[in-house]
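Student: Before I ask anything, let me first share the structure, which is written out below as C-alpha cells.
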Amino acid sequence: MAEKASLSSRLELLAKTGSFVAGFNEVYSLLLHGKLEGVIYVSNLPQQFLKRLRNAIVLSKTPSIVYEGSRVTLGKALNLKHPAAVIGIANQGESAILEDIKRNVD
C-alpha cells in the first residue's frame, strides 16, 4: 500500500514538474519513435491494446509500470479532467518516477 501511495505522490509531482502525454494512440506513436522515457498503464487495459502496447514497449526498450488503480484514479493523480488508461513520460521532472519503474523491472 505504501508503494501505491508513493507512486500516486510521484504522479502528482510529475504533473507539476514534468511532462507527459495521455492516450493510447499518442503514447503508442511516441513509443515507436523512441521519444518517451517511460510508460504507465492501468492493469485492466483491454487485451487488444495491451498486446500492441507491450510490443511497442519491447521494441523501443522503454521501461514501463502497471498502475493497479483505475483509469479514473490515474487521471485524477495527474490532475486530468478525464480518465487515462495509458500515459507516456516525456520528462519526469522532479518526480523521480523512473526509479519506481526501474525498481519494478529489477
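Student: If we keep just the residues of the range 4-32 that are over 11 Å from Ile87 (Cα atoms) and without any contact (Cβ under 8 Å) to a residue 12 or more places away in the chain, which is surrounded by the fewest Cβ atoms within 10 Å (Cβ to Cβ)?
Tutor: Taking the candidates together, the pick is Ala5.
Student: Related question: Output the residues belonging to the range 38-53 that are touching a strand residue (DSSP E or B) at 6+ places or on another chain (Cβ under 8 Å) and either open to solvent by 90 Å² or more (accessible area, probe 1.4 Å) or of a type in the set (A, V, I, L, M, F, W, C) (or both).
Tutor: Listed by number, the residues that qualify are Val39, Ile40, Val42, Leu45, Phe49, Leu50, Leu53.
Student: State all residues of the range 54-92 that are of a type in the set (S, T, N, Q), touching a helix residue (DSSP H, G or I) at 6+ places or on another chain (Cβ under 6 Å) and open to solvent by 70 Å² or more (accessible area, probe 1.4 Å); if no residue qualifies, say none.
Tutor: Asn79
Student: Name, by its number, the condition in (1) under 11 Å from the mean Cα position of the chain (by Cα); (2) assigned to a helix (DSSP H, G or I) that does not hold for Ile40.
Tutor: (2)
Student: Evaluate the following for Lys35: is it open to solvent by 50 Å² or more (accessible area, probe 1.4 Å), touching a residue at least 12 places away in the same chain (Cβ under 8 Å) and in a loop (DSSP other than H, G, I, E, B)?
Tutor: yes
The values are calculated or read from the model by the stated rules, or taken from the named source; none is laboratory data. What you are looking at is a predicted structure, and each value in this text was computed from that prediction instead of being measured. Note: ideal-geometry Cβ built from the backbone for every residue, glycine included; neighbour counts use all protein chains shown. Ligands, DNA and RNA are stripped out before the accessible areas are found, and what is left, the full protein with its side chains, is counted by its heavy atoms. Shrake-Rupley method; radii C 1.70, N 1.55, O 1.52, S 1.80 Å.
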